[in-house]
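J.: Attaching a single structure in structure tokens format; questions to follow.
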């Protein structure tokens, strides 16, 4: 990933306007959907539930377009993996109140190590949040999307030079 802020779509740059920087790239706009697409058949369980929960809202806000269906499915799958892992960790916590399921015995039984499920849950959460930000499903993601929208003109807009 490149350092610095994420690139903005050309149409949002044009709306914001910047006399120092001209919009130089042409973007191909994917088909805007009018209703949520069918959930891919490989998404099951919590991933399927998440697709059903949020896809229609993303389509309504034009955050999910035809070209984004697979990336959105990856978000839902990461959510499902995270949710399943958290539930397994909760069960492990009940079974082992001393370590709360965070530690497990090593193969030789002489010591303990971090439960591999903890790392799996953390990785799934990281992926989920990264995908979610791309679709404006996090506070930071929404602020980046909102930054590209034109500001509402206030009653004093004409008095202040830009």
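Derivation of every value follows stated rules applied to the coordinates shown; laboratory data play no part. Source: prediction; values computed, not measured. Glycine gets a Cβ as well: all are built from the backbone with ideal geometry, and neighbour counts include every protein chain shown.
J.: With a Cα-only, solvent-free Debye model of segment 54-93, what are the log10 I(q)/I(0) values at q = 0.17, 0.26, 0.34 Å⁻¹?
T.: Taking Cα atoms of segment 54-93 as identical point scatterers yields -0.54, -0.81, -1.04.
J.: How far apart, in nm, are the 7 Å Cα→Cβ label points at residue 49 and residue 88?
T.: In this crude label model, residue 49 to residue 88 measures out at 1.7 nm.
J.: Where a ≥ b ≥ c are the square roots of the eigenvalues of the C-alpha gyration tensor, would you call segment 40-136 rounded, which needs a/c under 1.5, or, failing that, prolate if a/b is larger than b/c, or oblate? Intermediate results must be reported in sequence, preceding the final value.
T.: On the way: a/c = 3.29, a/b = 2.85, b/c = 1.16.
Note, shape of segment 40-136 comes out prolate.
J.: Ordered by packing density, taken as the mean number of other Cβ atoms within 10 Å over each peptide's residues, highest first, how do 95-101, 116-122 rank?
T.: Details: 95-101: 12.3, 116-122: 14.6.
In descending order of packing, they fall as 116-122, 95-101.
J.: Could you calculate the contour length gain from residue 29 to residue 66, that is, 0.36 nm times the residue separation minus the distance between their Cα atoms, to one decimal place in nm?
T.: Numbers: separation 37, 0.36 × 37 = 13.32 nm, distance 0.98 nm.
Length gained, residue 29 through residue 66: 12.3 nm.
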